[in-house]
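*Asks:* Pasting in a structure now, in structure tokens, and then I'll have a few things to ask.
The values are calculated or read from the model by the stated rules, or taken from the named source; none is laboratory data. Computed from a predicted structure; not experimentally measured. Glycine also receives a Cβ, built like all others from the backbone with ideal geometry; neighbour counts cover every protein chain displayed.
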Amino acid sequence: MARIECPECGHVEETTGLVTVCPECSADLRSVMAEMGHRREKLREVAHDDSMTTHEFIVRTKDLHKIYIMGEVEVPALKGVEVNIRRGEYLSIMGPSGSGKSTLFNMVGGLDKPTKGTCFIEEVDMAQLDAFELAWLRCRKIGYIFQTFNLIPVMTALENVTLPMIFAGMSSDEMMDRGAMLLDLVGLGERLHHKPYELSGGQQQRVAVARALVTRPEVILADEPTGELDTTTGRQIMFLFQKISIEEGVTVLMVTHDPVVEEYASLVYHLGDGTIEEIIEHPENKILSE
Ligand code: ADP
Ligand code: MG
């Protein structure tokens, strides 16, 4: 829980999430919230894993288990998964439907908690964070991409891309410039003011990639981002991840059932029935495939 005080009317909001506007006087609370987030980020160092001396890995999981309880039945979805992701790596978790990919995505993204084991982002144990700190970490450190794009239908491409910056407390000028630059990067420089229904599936997913990058996150997480796309468009999205990981140094973790990823990701972990069965390195994919 965080205590955010409005500088205009003095109203105090106790919150577990991110609040951008004062509920009393509608004052802009972005800068207050950003300052609070940065202060909490410093305090969070108490949750660091002292056994690691360097931040070699941006994401690390240790003996990760997840058991879903369905009434009387226990469903073990992850059975001791260890993943180590270096900065700037393009790592894919590949496995068939039901192997635990989305479960792992949710744990690493701080969207659900493991039953046992630990998940670290920059050596911070996510389980040690309170709700506000977790909301802040999700907002500043992680960019999310989903199978169904999840764009807001009434907003233009540029508005969709800049939306996370509002919650991250960034300024309007910075927002517009960075939003337009990223849409250009993903090949949509001519489509800034198009709404999602005016764009193809592949273009919508490109908007989602730009949106995921907008707050300069440490890691991009993508869950079956090519699941709704045809093969050629799916390849273009996988290539785009390769491009941003090589050219922008962004760390990408993509979970997919699509074997085509072997041609793009630099490291592929094969997941089967909740365990990592094989790890295949693709050093050749550290050079752009197209
Ligand atoms: P994937 O994304 O690889 O298809 P999931 O992580 O979605 O796999 O699921 C792994 C296993 O956990 C499956 O057996 C699935 O049925 C089960 N599972 C996933 N989510 C839940 C849930 N919320 N409650 C119960 N069981 C679940
Ligand atoms: Mg899934």
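*Asks:* Test each condition in (1) more than 16 Å from ligand 2 (Cβ to nearest atom); (2) within 16 Å of GLU224 (Cα to Cα); (3) more than 13 Å from the chain's Cα centre (by Cα) for GLY143 and report the one that comes out false.
*Replies:* (3)
Condition check ((1) more than 16 Å from ligand 1 (Cβ to nearest atom); (2) closer than 19 Å to ARG206 by Cβ; (3) touching an Asp or Glu at 6+ places or on another chain (Cβ under 9 Å)) across all residues:
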{"residue": "LYS116", "(1), (2), (3)": "no, no, yes"}
{"residue": "PHE120", "(1), (2), (3)": "yes, no, yes"}
{"residue": "GLU123", "(1), (2), (3)": "yes, no, yes"}
{"residue": "ALA135", "(1), (2), (3)": "yes, no, no"}
{"residue": "ILE145", "(1), (2), (3)": "no, yes, yes"}
{"residue": "LEU151", "(1), (2), (3)": "yes, yes, no"}
{"residue": "GLY169", "(1), (2), (3)": "yes, no, yes"}
{"residue": "MET176", "(1), (2), (3)": "yes, yes, no"}
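*Asks:* Follow-up. So which residues in the stretch 260-274 are of a type outside the set (Gly, Ala, Ser) and away from ligand 2 (no atom under 16 Å from the Cβ), if there are any at all?
*Replies:* VAL260, GLU262, GLU263, TYR264, LEU267, VAL268
*Asks:* Looking at (1) among the aliphatic types (A, V, I, L, M); (2) within 16 Å of ligand 1 (Cβ to nearest atom); (3) within 22 Å of MET165 (Cβ to Cβ), which is the only condition ILE220 fails?
*Replies:* For ILE220, the failing item is (2).
*Asks:* Let me spell it out: the conditions are (1) within 16 Å of the chain's Cα centre (by Cα); (2) within 13 Å of ligand 2 (Cβ to nearest atom), and PHE120 meets all of them except one. Which number is the exception?
*Replies:* (2)
*Asks:* May I pose another question? Looking at the stretch 192-216 only, could you name the residues that are assigned to a loop (DSSP other than H, G, I, E, B) and in contact with a Ser or Thr (Cβ under 9 Å, 6 or more places away or on another chain)?
*Replies:* LEU192, HIS193, HIS194, LYS195, SER200, VAL214
*Asks:* So which of GLY71, GLY88 ends up being in the same structural domain as ILE166 (by TED's automatic domain parsing) and either crowded, with 21+ Cβ neighbours inside 10 Å or in contact with a strand residue (DSSP E or B) (Cβ under 8 Å, 6 or more places away or on another chain) (or both)?
*Replies:* GLY88
*Asks:* How do the pairs read when you match residues in the stretch 109-123 that are more than 24 Å from PHE146 (Cα to Cα) with residues anywhere that are among the polar types (S, T, N, Q) and crowded, with 17+ Cβ neighbours inside 10 Å, using Cβ under 8 Å and keeping only pairs 6 or more apart or on different chains?
*Replies:* Here the result reads GLY117/THR61, each pair linking the stretch 109-123 to a residue that is among the polar types (S, T, N, Q) and crowded, with 17+ Cβ neighbours inside 10 Å.
*Asks:* Can LEU229 be described as within 16 Å of ligand 2 (Cβ to nearest atom) and closer than 13 Å to TYR90 by Cβ?
*Replies:* Judged against the criteria, LEU229 is not a match.
*Asks:* Now a separate question. Of all residues in the stretch 161-174, how many are within 16 Å of the chain's Cα centre (by Cα) and crowded, with 20+ Cβ neighbours inside 10 Å?
*Replies:* Count: 6.
*Asks:* In the list GLY80, GLY100, which residue meets the criterion of being on the phi > 0 side of the Ramachandran plot and near ligand 1 (Cβ under 8 Å from one of its atoms)?
*Replies:* Working: GLY80 fails: near ligand 1 (Cβ under 8 Å from one of its atoms).
After applying the criteria, what remains is GLY100.
*Asks:* Condition check: within 16 Å of ligand 1 (Cβ to nearest atom), touching a helix residue (DSSP H, G or I) at 6+ places or on another chain (Cβ under 6 Å) and not β-branched (Val, Ile, Thr). Does PRO225 satisfy that?
*Replies:* For PRO225, the condition - within 16 Å of ligand 1 (Cβ to nearest atom), touching a helix residue (DSSP H, G or I) at 6+ places or on another chain (Cβ under 6 Å) and not β-branched (Val, Ile, Thr) - is met.
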